[in-house]
Amino acid sequence: MRDLSSRSLIVAKGLAFLGLAVVAAGLLFLESPSLRIAVLMGVLVWSSCRFYYFLFYVLHNYVNPSFRYAGILALLGQLRRSRGPRQDA
């Protein structure tokens, strides 16, 4: 599969993800509308964004610049391959 290169399609894809997140958060909040749920959803969104930043920016720029991966599954595969077979003595 080739990379998405159209700027307008990339923006549309990002807006679609944002729309899905807003709809999902709204539906979850309607299930149990309370300040506690709203705060927990806010913490979930914030920490998920920070984890994404860590995986796709911090690891590459500060930990190991040779890391090249397109997603979390590709990262896990690369980490597994980089460790190689273990030699227990």
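The values are calculated or read from the model by the stated rules, or taken from the named source; none is laboratory data. Keep in mind that this is a model prediction, so the values were computed, not measured. Methodologically, a virtual Cβ is constructed for each residue, glycine included, from the backbone with ideal geometry; neighbour enumeration extends over all protein chains shown.
Consider ALA70 carefully, then state whether it is surrounded by 10 or more Cβ atoms within 10 Å (Cβ to Cβ), in a loop (DSSP other than H, G, I, E, B) and not basic (Lys, Arg). First the steps, then the outcome.
Details: surrounded by 10 or more Cβ atoms within 10 Å (Cβ to Cβ): yes; in a loop (DSSP other than H, G, I, E, B): yes; not basic (Lys, Arg): yes.
Yes: the conditions hold for ALA70.
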- Query: Taking TYR52 and the conditions (1) over 19 Å from the mean Cα position of the chain (by Cα); (2) surrounded by 11 or more Cβ atoms within 10 Å (Cβ to Cβ), which numbered condition does it fall short on, given that it satisfies the others?
  - Reply: (1)
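Please tell me if LEU15 is in a helix (DSSP H, G or I), within 16 Å of the chain's Cα centre (by Cα) and more than 30 Å from ARG83 (Cα to Cα). Break it down stepwise before answering.
Details: in a helix (DSSP H, G or I): yes; within 16 Å of the chain's Cα centre (by Cα): yes; more than 30 Å from ARG83 (Cα to Cα): yes.
Yes.
Is at least one residue of the stretch 78-85 at pLDDT below 90, over 20 Å from the mean Cα position of the chain (by Cα), of a type outside the set (S, T, N, Q) and not in a helix (DSSP H, G or I)? Even if it seems obvious, please write down each step before you answer.
Initial filter on the stretch 78-85 (at pLDDT below 90): 78-85.
Filter once more, keeping what is over 20 Å from the mean Cα position of the chain (by Cα): 81-85.
Adding the requirement that they be of a type outside the set (S, T, N, Q) leaves 81, 83-85.
Cutting the leftovers down to not in a helix (DSSP H, G or I) gives us 84-85.
Yes - at least one qualifying residue is present in the stretch 78-85.
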